[in-house]
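What follows is a short report on a single structure.
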Amino acid sequence: MSISADTLRGHTDAIILAQLMRGDNYGYEINKNIQTRTHGVYGFKEATLYTAFKRLEQNGYITSYWGDEGQGARRRYYSITEAGRKYWEETRAEWETTRALLDALISIEEE
Amino acid sequence: MIMFEMREVFRNIITKRLADAPVGPAKGELIEELTDNLLCRYNDLVAAGVDPGEAETQALDALGDTNELVEYLKSLEPDEPLPEPDSDWDELMKNMSEIARSAMNQARNALKAAKEQLSENGSFHWKSEDGTVEIQVGNRDEWTAELEEKMSGLEERMSETEDEISELEDKISDIEAELDYLQDELSDLQDSLEGSDARVSAVEKRIASKQRRIAAKQAELDALNEELEQLREEYGNLECEYDELREELDRQEDEDESVSIEATAERVSRHTEKAMNTAKEHIDAAVEKINAVAKKLEQAFKDKPFTVGVDVDDSGCSIGVNPHRKSEKDVIYGVGYDKEKGGFFAQWGEYKGGYSCPVEEGPVCSEALKGIDVHVNGDVTFRMTEHPEDDVIIDGDVDDLDVRRSDDGVLTIAPGKTASSSFFFGRGLSSTNVTLSLPRRAWEFLRVSTVSGDISIEGNHEVSLVAVKTTSGDLEGSLPRCGELRFKSVSGDLDWRGNVAQVTAVTTSGDLAVAGNLGEVRMSSISGDLRLDGAVTALDSGSTSGDLWVRSYVQPERLNVVSRAGDADIRLPADSAFTLRFHTAGGKLRTDFFDGPTEGREIILSNNGGAAPAYELNTTGGDVRIQKL
């Protein structure tokens, strides 16, 4: 099945915020979760993911901090803020509306 | 490939992709995060049974287009406020130079006047040692000569007096003899008074005459005796004066030549004291002028990216100007008195490499040391000690070395400053071997220049820059990580192992060999062979007759090979995708990457539809072989 990369790219921020709604996490794990949830069909390139992180951080929707792994490499964890939660809810509502409209417009089911 | 090396491969590639972004902590952290992510992805793929080569390719493919990240990093505010760009920087520098130059001229004139003032009033001697200044004003020789001349005059006068006395004494003696004779004659005349009246009368007349002559002579004798007495008294006075001068001269000769200002002031005449004070005033005025310049500079360049420092001591005054710009060098302005500078000086020049002071014998405390500079003719060996806090130990021909530590953390080791060592070092005749033990920690740089000595660097140090320059000496080294490796030699060989972000190696006839995870590599030689083994991110190589051999486990982002007669043998990962442009006059191309024809002077082949990267291979007669690993 082919997917519309452009369509998904327009929702990068919402996808990342949705992941962080489940709890703080670090970059590689966030992307891995996305791939798992899409059964390996979709995942972000690292550059795309981190550009989005930086954008969300600048807008105040997420914050980051260095984790304390004890051993191994230190990881930077990302955490959603209150503003981020509000933004995610707005974006999600917009998407619900858009999806309903698209369903109505594209679907050819008998009325 | 072990994990450590894989991390380096990813880090090198990410660093390269983000090369256009400004350097700063944000960039450094991002590189580390992305490196970790690619390494995690690689490990997961390998654990899932994917071939390591394929896993590496897939991990790198997941990096994506980094241009947006570069733009993001560019958009960040600098972590520390950087100097504002000055559109009128050149004008400012010009103004600063003019102000300083004007002050220097004034100071120079003041010092010249001081010197002339002193010269007019006799010679002077000024020495500055151990922080004290001693001045001896007045002409010691002149002073002594004056005494001696005076004594000589006295001696002459005494001699003349002695002659006069002697002459008088002779004269007195003659008169006394004449008186005796006259007395005898008078006595004879008185004896002959008997006889005729006429004869008696005549004799009496002669007696009276004789008596007058005797009286006259007696008077003359009395006067001469009086004069003699006076001369003798005068002679006695001269003798006393002479003895006093002699005593003073003897005292003068016994005194120490070095005398303090106070002692001199007591002894010198009033006009030399005045001259000395005038000289001091001139020196103070010169120092004041320099201080005024410092203030002017500070005011003129307030909030501008450089600072001004003033250092005044007993021997003079100097101003240091630090422009805080890499392209501009520090400048030092100074006036004062320094025997090594030939007396009074007023000068300015570039500040070279920081102030430094000699290091006492024994271990050197490594705290705050950031780099080592070694300039010797013998072998140089760097070793590593276990603990980061260890001292730096210098072994070898240490007696022949001048070891200095600058206030900005640079340890410099150079031949001693004796005339003979400088002479021989300048001609490459003197050989001094050095072994340095460095504590195990990160070093900013290790820089070595030598003529024929070999250099060996080994250990677990992390060094940002290794720079070696030799005429015929070899460099052999192994470090786990090196930011930049620079090697320049006429006939010396390079043999280096380890991960290096940037390699620049130039030789005429020496062979160059580097193995490890390598970022940007630039190598050139006339007849020496070039050899690279490991992971090469980018290569620019040039040779006349030397051969090139490359084996890279990662596909280079850039390959640019120029050779006249030398052959090139390049091995790359089997899945490498690139466009090859081969230009030659008589060389041959052999490759198993492409199916197309490999004959001709200009061959373009591609297995990725003509996309980047495009490898450029140019030879005159050299053959090129580019094969799959």
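Working only within the range B:191-214, note down all residues that are part of a helix (DSSP H, G or I) and open to solvent by 60 Å² or more (accessible area, probe 1.4 Å).
Hits for the range B:191-214 are B:191, B:197, B:198, B:199, B:204, B:205, B:206, B:211, B:212, B:213.
In the range B:31-45, which residue that is at the interface with chain A (Cβ under 10 Å from one of its Cβ atoms) and open to solvent by 20 Å² or more (accessible area, probe 1.4 Å) is modelled with the lowest pLDDT?
Here the answer is B:32.
Limited to the range B:226-241, what total is found for residues that are exposed (fewer than 13 other Cβ atoms within 10 Å of the Cβ) and closer than 30 Å to residue B:186 by Cβ?
Of the residues in the range B:226-241, 2 are exposed (fewer than 13 other Cβ atoms within 10 Å of the Cβ) and closer than 30 Å to residue B:186 by Cβ.
Could you list, in sequence order, the residues of the range B:569-590 that are open to solvent by 10 Å² or more (accessible area, probe 1.4 Å) and at pLDDT 90 or above?
Across the range B:569-590, the qualifying residues are B:569, B:571.
Here is a check on your reading of the model: is residue B:603 assigned to a strand (DSSP E or B), of a type outside the set (Asp, Glu) and in contact (Cβ under 8 Å) with a residue 40 or more places away in the chain?
Numbers: assigned to a strand (DSSP E or B): yes; of a type outside the set (Asp, Glu): yes; in contact (Cβ under 8 Å) with a residue 40 or more places away in the chain: no.
Here the answer is no, as residue B:603 does not meet what is asked.
Of all residues in the range A:23-62, how many are of a type in the set (Lys, Arg) and over 17 Å from residue A:75 (Cβ atoms)?
Qualifying residue count for the region: 3.
Kindly indicate whether residue B:515 is open to solvent by 20 Å² or more (accessible area, probe 1.4 Å), among the hydrophobic types (A, V, I, L, M, F, W, C) and in a strand (DSSP E or B).
Considered against the rule, which asks whether it is open to solvent by 20 Å² or more (accessible area, probe 1.4 Å), among the hydrophobic types (A, V, I, L, M, F, W, C) and in a strand (DSSP E or B), residue B:515 comes out as yes.
Of the residues that make up the range A:75-98, is at least one at pLDDT below 90 and facing chain B (nearest Cβ under 9 Å)?
yes
How many residues does the range B:537-560 contain that are part of a strand (DSSP E or B), of a type outside the set (S, T, N, Q) and buried (at least 20 other Cβ atoms within 10 Å of the Cβ)?
Residues meeting the conditions: 5.
Which numbered condition trips up residue B:597, out of (1) surrounded by 15 or more Cβ atoms within 10 Å (Cβ to Cβ); (2) in a loop (DSSP other than H, G, I, E, B)?
Only one criterion in (1) surrounded by 15 or more Cβ atoms within 10 Å (Cβ to Cβ); (2) in a loop (DSSP other than H, G, I, E, B) is unmet by residue B:597, namely (1).
Taking into account only those residues within the range B:46-74 that are among the hydrophobic types (A, V, I, L, M, F, W, C) and more than 12 Å from every other protein chain (Cβ to nearest Cβ), which is surrounded by the fewest Cβ atoms within 10 Å (Cβ to Cβ)?
Filtering the range B:46-74 down to residues among the hydrophobic types (A, V, I, L, M, F, W, C) leaves B:46-48, B:50, B:55, B:59-60, B:62-63, B:69-70, B:73.
When the remaining residues are screened for being more than 12 Å from every other protein chain (Cβ to nearest Cβ), the result is B:46-47, B:50, B:55.
Details: B:46: 16, B:47: 9, B:50: 16, B:55: 20.
The selected residue is B:47.
Provide a single number: the residues in the range B:583-623 that are within 56 Å of the chain's Cα centre (by Cα), among the hydrophobic types (A, V, I, L, M, F, W, C) and closer than 30 Å to residue B:58 by Cβ.
Of the residues in that region, 5 qualify.
Give just the number: which of (1) within 11 Å of chain A (Cβ to nearest Cβ); (2) closer than 15 Å to residue B:69 by Cβ does residue B:13 not satisfy?
(1)
For the range B:519-536, give me each residue that is among the acidic types (Asp, Glu) and either open to solvent by less than 10 Å² (accessible area, probe 1.4 Å) or touching a helix residue (DSSP H, G or I) at 6+ places or on another chain (Cβ under 8 Å) (or both).
Listed by number, the list holds a single entry, B:520.
Out of the residues in the range A:19-49 meeting the condition of being among the charged types (D, E, K, R) and away from chain B (no Cβ under 12 Å), tell me which one is farthest from residue B:41 (Cα to Cα).
The qualifying residue farthest from residue B:41 (Cα to Cα) is A:22.
Quick one: count up the residues across the range B:480-490 that are outside any strand (DSSP E or B) and within 12 Å of residue B:454 (Cβ to Cβ).
Result for the range B:480-490: 0.
How many residues are more than 30 Å from residue B:230 (Cβ to Cβ) and surrounded by 14 or more Cβ atoms within 10 Å (Cβ to Cβ) if we restrict to the range B:168-190?
Result for the range B:168-190: 3.
Of the conditions (1) of a type in the set (Gly, Ala, Ser); (2) more than 23 Å from residue B:557 (Cβ to Cβ); (3) in contact with an Asp or Glu (Cβ under 8 Å, 6 or more places away or on another chain), residue B:515 satisfies every one except a single condition; which number is it?
(2)
Scanning the range B:16-30 for residues that are within 11 Å of chain A (Cβ to nearest Cβ) and part of a helix (DSSP H, G or I), which turns out farthest from residue B:535 (Cα to Cα)?
Across the range B:16-30, the extreme among qualifying residues is B:26.
Considering only residues of the range A:55-65 that are surrounded by fewer than 21 Cβ atoms within 10 Å (Cβ to Cβ) and outside any loop (DSSP other than H, G, I, E, B), which is farthest from the other protein chains (Cβ to nearest Cβ)?
Restricting to residues being surrounded by fewer than 21 Cβ atoms within 10 Å (Cβ to Cβ) and outside any loop (DSSP other than H, G, I, E, B), the top hit is A:63.
Only one of A:14, A:52 is more than 16 Å from residue B:41 (Cα to Cα), touching a Ser or Thr at 6+ places or on another chain (Cβ under 6 Å), more than 11 Å from chain B (Cβ to nearest Cβ) and part of a helix (DSSP H, G or I). Can you tell me which?
On inspection, the qualifying residue turns out to be A:14.
The values are calculated or read from the model by the stated rules, or taken from the named source; none is laboratory data. On a predicted model such as this, the values are computed, not experimentally measured, just so you know. When we count neighbours, we look across all protein chains shown, and the Cβ atoms used for this are built from the backbone with ideal geometry, even at glycine. Keep in mind that these areas ignore ligands, DNA and RNA; they rest on the heavy atoms of the full protein, side chains included. Shrake-Rupley method; radii C 1.70, N 1.55, O 1.52, S 1.80 Å.
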